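First comes the structure, then the notes that go with it.
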Amino acid sequence: MKKRKEWRQFVPEPFSTVIIIQADFELAWAWRWAKSYAGNSPDILQIANRERKNIPRILDLCDKFRIPITWAAVGHLLLECCERDRSSIHPEIPRLGHFKNEFWEFNGKDWFDHDPGSDVSHDPEWYAPDLIKDIIGRKVKHEIGCHTFSHIDCRKDVCSPEILQAELNACQQAAARFGITLRSFVHPGHTIGNLDVLEKMGFTSFRSDYKNVLEYPECEHGNLWELKSTMELAFRQGWSMDYHIHRYQKIIDRALKSHTVCIFWFHPSLPEMFVNDILPEVFRYLADKNQVLVSSTSDYINWLNGKKQ
Ligand SMILES: [Zn+2]
Ligand SMILES: [Zn+2]
């Protein structure tokens, strides 16, 4: 771990801390094989629709408080449409075999079984070019990052380098149609793996989640920076609304005091009350502190790389 006295290498003048906020943007894709939801239950569409409703509101807040977010998007969401050709869909992408992890159990026939093979107007839970346009058209300069094409488990024993490469190719092609270059990556379900593939495909950062820390990014995999998660912005049962706000504000205070880099992340499918009542207070607190630099991931990484000799 880098020593705190070297903090100026990680925090640009005249700021005292850097705060990065990443959103894992996935609609229905994340929950297909979730152990907590049985496959295609209405629950997963409900989550996706809540996320669809929340995102424009979150973007309004970002404009109001000048907060950029890195939207780690599932690549399939960048498509307008796709097609099932007889029985095959996305044939260019090799498939994962059956696996289990902490969150999911994939025991279905085909990894893409749930893909409707239609378009955003018929199945808005599986495509989101409209939201991507909304994000990149806003006053605040947000970043679109990458969360694989179909929300796969990226660990080496589940995912071959060829699968991840095909997934990332599909993401990059879909992003190119918006004029977007993908730089920042987030492994679905914290299934960290295949870092060499990420680096080869031009990504410059990933987020790890081994424990919640206030530290500094590390660059131990070629040009790929590891950003260490500080805390998920999430609704926690048993915490009052005020206590949620208090805890997040306390973390911001600690980041300021310790001159560290704070990585917040969240699922935009959060409960509505979180978006209406908690997020605005966290964003207001950030906006009021002029020693805080809230940055998109790739802007910050570019700055770090400028410093790296
Ligand atoms: Zn598709
Ligand atoms: Zn995810």
Problem - Subset of segment 74-103 (residues that are closer than 16 Å to W29 by Cβ and away from ligand 1 (no atom under 15 Å from the Cβ)) - result: L96, N101, F103
Practice task
Scan segment 108-123 for residues that are of a type outside the set (D, E) and either without any contact (Cβ under 8 Å) to a residue 60 or more places away in the chain or buried (at least 16 other Cβ atoms within 10 Å of the Cβ) (or both) and jot them down.
Solution key: K109, W111, F112, H114, P116, G117, S118, V120, S121, H122
Practice task
For segment 257-280, enumerate the residues that are crowded, with 22+ Cβ neighbours inside 10 Å and hydroxyl-bearing (S, T, Y).
Solution key: T260, S269
Completion exercise
Within segment 48-81, the residues that are under 22 Å from D123 (Cβ atoms), open to solvent by less than 10 Å² (accessible area, probe 1.4 Å) and not aliphatic (A, V, I, L, M) are E51, N54, W71, G75, H76
Problem - Filter result (farther than 23 Å from K100 by Cβ and open to solvent by 50 Å² or more (accessible area, probe 1.4 Å)) within segment 139-173 - result: K139, K141, Q165, N169, Q172, Q173
Practice task
Collect the residues in segment 212-256 that are closer than 20 Å to A72 by Cα and of a type in the set (K, R), keeping them in residue-number order.
Solution key: K228
Exercise for the section: Of all residues in segment 281-296, count the ones that are part of a helix (DSSP H, G or I), open to solvent by 10 Å² or more (accessible area, probe 1.4 Å) and either basic (K, R) or under 18 Å from M231 (Cβ atoms) (or both). Expected result: 3
Exercise for the section: Would you confirm whether any residue within segment 104-121 is assigned to a loop (DSSP other than H, G, I, E, B), touching a Pro at 6+ places or on another chain (Cβ under 9 Å), more than 23 Å from F206 (Cα to Cα) and within 16 Å of ligand 1 (Cβ to nearest atom)? Expected result: yes
Practice task
Enumerate the pairs (first residue in segment 124-148 and within 20 Å of T204 (Cβ to Cβ) and within 15 Å of ligand 2 (Cβ to nearest atom); second residue anywhere and among the charged types (D, E, K, R) and assigned to a loop (DSSP other than H, G, I, E, B)) with beta-carbon separation below 8 Å, excluding pairs fewer than 6 apart on the same chain, so at least 6 apart or on different chains.
Solution key: G145/R183; H147/E26
Handout entry: Selection within segment 60-90 - assigned to a strand (DSSP E or B) and hydrophobic (A, V, I, L, M, F, W, C)
Key = W71, A72, A73, C81
Exercise for the section: Go through the residues of segment 81-98 one by one and say whether even a single one is within 21 Å of R207 (Cα to Cα), touching a Phe, Trp or Tyr at 6+ places or on another chain (Cβ under 7 Å) and not small (G, A, S). Expected result: no
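The values are calculated or read from the model by the stated rules, or taken from the named source; none is laboratory data. Values in this document were obtained by computation on a predicted structure and should not be read as measured data. Because the Cβ atoms are built from the backbone with ideal geometry, glycine has one as well, and the counts that use them run over all protein chains shown. Ligands, DNA and RNA are excluded from the accessible area calculation, which covers all protein heavy atoms including side chains. Shrake-Rupley method; radii C 1.70, N 1.55, O 1.52, S 1.80 Å.
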